[in-house]
Amino acid sequence: MWSKEFFKSLMNLGIPRHMIQRAKIGFQDLWNPLKIIFQQNSIPKNGWKDAQIRMLLKILSSFDSDKDIKAIRIGEREARTSSPILNEIASGFCHGIGRSGDLTAPQPKAAGASLMQALCNRLMLSLVNNLGIVNVKGALSTPMGTGMSLAMALRGLFNYYETNIQDKNGVLYPRADHKSPPKGINFVGGKIIQVEGHFGENHFAPEGAYVDIEDIKSTYFENKNKISSIVSTTSFFAPRVPDEIKEIAKFADEYNLIHVINNAYGIQSEILIKKIRSAIDAGRVDAIIQSNDKNFLTPVGGGVILSPKEEIIEAISSCYAGRASATPTIQLLVSLLSMGLGGYQKQMKKQTKNMKLLNNKLQNLAESMGERVIDCKNPISCAMTLRSLDKDLIADLGGYLYNLRVTGPRVVNVYEKDFGACTDEIRTPYVVMNAAIGVKRKDIMKSKNLLEKAIRQLKKN
């Protein structure tokens, strides 16, 4: 950028040499990280300044054909916008990413967006490798959340392994009571064969909701002629514990089953990172699904698919229908650059500390109210029983908290329905509170106090 010729041209304007030399030093500090990131294709150790991120986005977006003032644009899709605001929202990448039928295919009109997407995927791979999942070889940013990213991964894997979904549409699903993953499975023609959960002592914790590996195996043998895949879960609301993904990976490898891990908010947890690395080493893991907003502090609407095989990522990418919005990928790239590896690791440490704080505060609250915190060792959330509340009042707790401006708690009233508990064996209602990445210490303190206020108010009524 700062060539000798450019330096001479500045000198010709009559500015003293020492002033230009001083300006060069400051400019290079701003510019050098941009050069380095393209040379190394790895996440920076330290987060970038906003000015550097904006400069990178501006440079890349200027490569797209709609920035060519002499371009003759007569196609049906030419990055035309009705307002400059739309261009600002898209950071200048109005052509989107990918081509029809392939999410990562270079787009002739969008060289800049294609470079931006490729860079984001490289940085994501660098991040997860540095966090400890060294056996992941490919990463793909998707313009969809967890459920649809799961669907896209399954569709790509069916193609990659030439699985006839009409003949073998069964997908083993260790019970995790969330609507998105099952909808994603159904979306691509899969038929869920659910493995029921239990409650009690398990492989992960003294107690909690879990799915036994032996039940997974027996369910498979009862339906093996129609089962092609299994979708396991690492991260879910307490008191659900992670599936035994290492044993599932071994089983999937032995019986040639596609294995996808729903790791929705697990990248932020060192515990779950180690489990994923171990599962890949021990057996078969084809794809791992993450949510961007849950892990990387972005707006809702994007996901990341990881795989131990680059060619699997290519197969998944090639099953996307149409061109995609670049916005979720831009948002992910901005977040990765703003935090850097060190910043993200710092966020992870804060999350661990905040989780301990939340657990301690709820333990104290539970003891004062004759309740208890379920000892499930969930790395992201805590569940406190609500045995002392009248059955008719439990359903009102969520509304009370919402009106007190506490967002996020999850009340599971097993007296009315079991969905949410991940098993029919939990007979005690409970409330779940989260300490996910990005949560503030002060909000944990306030939410605990307001939870206590809400429960006491309900008891008075």
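Are any of the residues in segment 226-235 surrounded by 21 or more Cβ atoms within 10 Å (Cβ to Cβ) and assigned to a loop (DSSP other than H, G, I, E, B)?
yes
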Open item on the list: Quick check on G200: is it small (G, A, S) and either free of Cβ contacts under 8 Å to residues at least 60 places away in the same chain or within 22 Å of A279 (Cβ to Cβ) (or both)?
Closed with: no
Task: Subset of segment 15-52 [assigned to a helix (DSSP H, G or I), under 26 Å from V128 (Cα atoms) and of a type in the set (D, E, K, R)] - done: K35, D50
TODO: Being under 19 Å from A118 (Cβ atoms), of a type outside the set (S, T, N, Q) and either in contact with a Cys (Cβ under 9 Å, 6 or more places away or on another chain) or free of Cβ contacts under 8 Å to residues at least 40 places away in the same chain (or both) narrows it down to one of I316, I330, so name that one.
DONE: I330
TODO: Please tell me if L365 is assigned to a helix (DSSP H, G or I) and either over 26 Å from the mean Cα position of the chain (by Cα) or not assigned by TED's automatic domain parsing to the domain that holds E270 (or both).
DONE: yes
- [ ] Kindly establish whether L332 is in contact with a Pro (Cβ under 9 Å, 6 or more places away or on another chain), more than 18 Å from L157 (Cβ to Cβ) and either polar (S, T, N, Q) or crowded, with 24+ Cβ neighbours inside 10 Å (or both).
- [x] no
Task: Positions within segment 398-414 being loosely packed, with under 13 Cβ neighbours inside 10 Å and either farther than 25 Å from P299 by Cβ or touching a Pro at 6+ places or on another chain (Cβ under 8 Å) (or both), in sequence order - done: G399, N403
- [ ] Could you tell me which residue of segment 431-446 is surrounded by the fewest Cβ atoms within 10 Å (Cβ to Cβ), considering only residues that are farther than 23 Å from D396 by Cβ and not hydrophobic (A, V, I, L, M, F, W, C)?
- [x] K442
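Quick grid of which residues meet (1) within 18 Å of K109 (Cβ to Cβ); (2) more than 28 Å from the chain's Cα centre (by Cα):
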| site | (1), (2) |
| --- | --- |
| H18 | no, yes |
| N32 | no, yes |
| I37 | no, no |
| Q52 | no, no |
| S61 | yes, no |
| R80 | yes, yes |
| S83 | no, yes |
| A90 | yes, no |
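Can you name every residue in segment 53-87 that is in a helix (DSSP H, G or I) and farther than 26 Å from D29 by Cα? Even if it seems obvious, please write down each step before you answer.
Step one: filter segment 53-87 for residues in a helix (DSSP H, G or I), giving 53-61, 65-67, 84-87.
Passing the criteria: S65, D66, K67, P84, I85, L86, N87.
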Task: Test: residue in segment 105-112 that is of a type in the set (D, E, K, R) and at pLDDT 90 or above - done: no
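The values are calculated or read from the model by the stated rules, or taken from the named source; none is laboratory data. Please read these numbers as outputs of a predicted model, since none were measured by experiment. Positions of Cβ are backbone-derived with ideal geometry, glycine not excepted, and every protein chain shown enters the neighbour counts.
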